[in-house]
1. Given the criteria over 10 Å from the mean Cα position of the chain (by Cα) and in a strand (DSSP E or B), does THR5 qualify?
2. Can you find even one residue in the range 29-38 that is open to solvent by 20 Å² or more (accessible area, probe 1.4 Å) and of a type in the set (Val, Ile, Thr)?
3. Restricting the first residue to the range 1-28 and requiring it to be open to solvent by less than 70 Å² (accessible area, probe 1.4 Å), which pairs with a second residue that is among the basic types (Lys, Arg) meet a Cβ separation below 6 Å and a spacing of at least six or different chains?
4. Just need a number here: residues in the range 29-72 that are within 14 Å of LEU84 (Cα to Cα) and either out of contact with any strand residue (DSSP E or B) (no Cβ under 7 Å at 6 or more places or on another chain) or touching a residue at least 60 places away in the same chain (Cβ under 8 Å) (or both).
Amino acid sequence: MSNITVVTKVDDFDGPFRIEYAGTLIDDNHAIYIDPDYNIAVMERVDFDGTEYVTSYGEPTIFDLTVEDLGFIDNIHNMSAIELLSKFIRKGDTQHATNR
């Protein structure tokens with residue numbers, strides 16, 4: 001895994017623009033990155049265009065999960081699988097699973 005910048009290129013009413021996210025490459029075509037505007041960690045397909053890793057702007061995502069500690073992405077390489085998964089558990093989510 002290596003740290004990368006994930007880029008989303010969007011064309012909307014105001015014209016084209018780009019958004020850059022701190023991320024980690026999982027394999028040649030998948031990355032986990034942080035969207036600080038929404039406090040989410042996103043895992044999705046990325047494509048290397050020869051210069052940078054580009055996303056499809058959310059479709060299709062493998063997951064997008066609210067996280068409390070956005071800084072985990074900086075330490076992801078040193079985490080065990082359990083430590084990483086624990087970052088995706090919202091600490092305030094105390095409702096019993098059978099009561100949902």
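1. Values: over 10 Å from the mean Cα position of the chain (by Cα): yes; in a strand (DSSP E or B): yes.
The answer is yes for THR5.
2. The answer is no, given that none of the residues of the range 29-38 is open to solvent by 20 Å² or more (accessible area, probe 1.4 Å) and of a type in the set (Val, Ile, Thr).
3. Between residues of the range 1-28 that are open to solvent by less than 70 Å² (accessible area, probe 1.4 Å) and residues that are among the basic types (Lys, Arg), the close pairs are VAL7/ARG18.
4. 4
The values are calculated or read from the model by the stated rules, or taken from the named source; none is laboratory data. None of these values were measured; they are calculated from a predicted model. A quick note on method: Cβ atoms are made from the backbone with ideal geometry, for glycine too, and the neighbour counts reach across all protein chains shown. Just the protein is used for accessible areas: all its heavy atoms, side chains included, with ligands, DNA and RNA removed. Shrake-Rupley method; radii C 1.70, N 1.55, O 1.52, S 1.80 Å.
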